[in-house]
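J.: If you scroll down you'll find the structure; I have some questions about it.
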Amino acid sequence: MTIMKNRDITQDELLRGEKDPLTSTPVHLLELDKVGKHYGNIIALSDVTMAVDAGRVTCVLGDNGAGKSTLIKIIAGLHKHDAGTFSIFGEPRHLNSPREALDAGIAAVYQDLAVVSLMPIWRNFFLGSELTTGVGPFKRLDVETMKQITKKELQEMGIDLRDVEQPIGQLSGGERQCVAIARAVHFGAKVLILDEPTAALGVKQSGVVLRYILQARDRGLGVIFITHNPHHAFPVGDRFLLLKRGKSIGYYNKKDITLEELTAQMAGGAELAELAHELESLGGHSDVVAEVEAEVASTEPRRS
Ligand SMILES: Nc1ncnc2c1ncn2[C@@H]1O[C@H](COP(=O)(O)OP(=O)(O)O)[C@@H](O)[C@H]1O
Ligand SMILES: [Mg+2]
């Protein structure tokens, strides 16, 4: 009989969400356990627990000032947390820079994308990681290969752009987000953070971006989708973290929450009801009261 040695768990196994053989607990791509951060006296984030897995979308929802950006900055290596544990592949880490985050496979796509509008799409795709050909004085940009790869990667994401020579500034906001997602996938991201990618977009374009979130998920990335819109989060999310004034007010698996409940939690259903009552007692304008009451009614969780 041979004795099975404890073997090292490979990154591939972790990506498939295998259990750590030493502890037999599931290892997540990323895991935050009671993470907190303050800026001077301001507690920007406290007691936040969430996980990110390969092929899953974790949504982070919250209003302005909820702490969403602070959370993302911790994960993307821009700020350090000062409470709790942030683990990558089961290993507790404090990231010192965005470079360290990238090396760990964490890529962030910010709302105000850093693109050079007048440069062609393929130049932006390879910005900072240009391919070259030849050596020494004969070294030059490998334009053809970069164009081909850009075209191929965009096509694989289902993005059909006629011409990668087109200046990226001519693309719509949604298309630019999609190019950024395809870029992160190409350069080997394992975790993709999208900070409010649909906030500035119309309904149709938001739909396009949501579709690419699913594409990234299906290609095995762990996606973190930040938004304040439950209607965008619910159809694509597997897990939902709700933040309010720096605190977690809920963390749900999709099977444990409905869109109506998510919307009600986001809108602060109870607070709206209170406001309607207050307006009425103040002899508020009846139109306004009716409007707030309608809002309250529309956010009531569905009884089942
Ligand atoms: N660099 C900073 N210095 C001081 N306070 C900050 C800083 N960044 C964020 N905050 C505060 O932390 C809280 C959470 O902000 P933020 O993470 O930006 O929220 P969100 O992205 O959800 O709107 C807010 O009260 C904000 O004013
Ligand atoms: Mg923000």
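Read the figures in this text as sums done on the coordinates, not as results from a lab. It should be emphasised that the depicted structure is a prediction, and the values quoted were computed from it without experimental measurement. When we count neighbours, we look across all protein chains shown, and the Cβ atoms used for this are built from the backbone with ideal geometry, even at glycine.
J.: For residue 135 and residue 290, calculate 0.36 nm times their separation in residues minus their Cα-Cα distance, and state this gained length in nm to one decimal.
T.: Numbers: separation 155, 0.36 × 155 = 55.80 nm, distance 7.27 nm.
Going from the current span to full extension adds 48.5 nm.
J.: Let me ask you something else. Exceeding 19 Å between C-alpha atoms, which entries from my cross-link table qualify? They are 204/254; 68/247; 190/254; 37/68. Write down the numbers at each step before the final one.
T.: Numbers: 204/254 24 Å; 68/247 10 Å; 190/254 22 Å; 37/68 12 Å.
Long pairs (Cα-Cα over 19 Å): 204/254; 190/254.
J.: If you average the alpha carbon positions of the stretch 57-91 and of the stretch 189-209, how far apart do those two centres end up, in angstrom?
T.: So the separation of the two Cα centres works out to 18 Å.
J.: Can you tally the net charge around residue 247? Count Lys and Arg as +1, Asp and Glu as -1, for every other residue whose Cβ sits under 14 Å from the Cβ of residue 247. All intermediate terms of the calculation are to be shown ahead of the outcome.
T.: Working: positive: 34, 37, 68, 244, 245; negative: 47, 63.
Within the 14 Å Cβ shell, the charges total +3.
J.: Return the distance in nm (one decimal) between the two label points of a simple spin-label model at residue 118 and residue 259, each offset 7 Å from Cα along Cα→Cβ.
T.: It works out to 4.5 nm between the two label points.
J.: Given points 7 Å out from each Cα along the Cα-Cβ axis, report the residue 82 to residue 229 separation in nanometres with one decimal.
T.: Label-label distance for residue 82 and residue 229, simple model: 3.6 nm.
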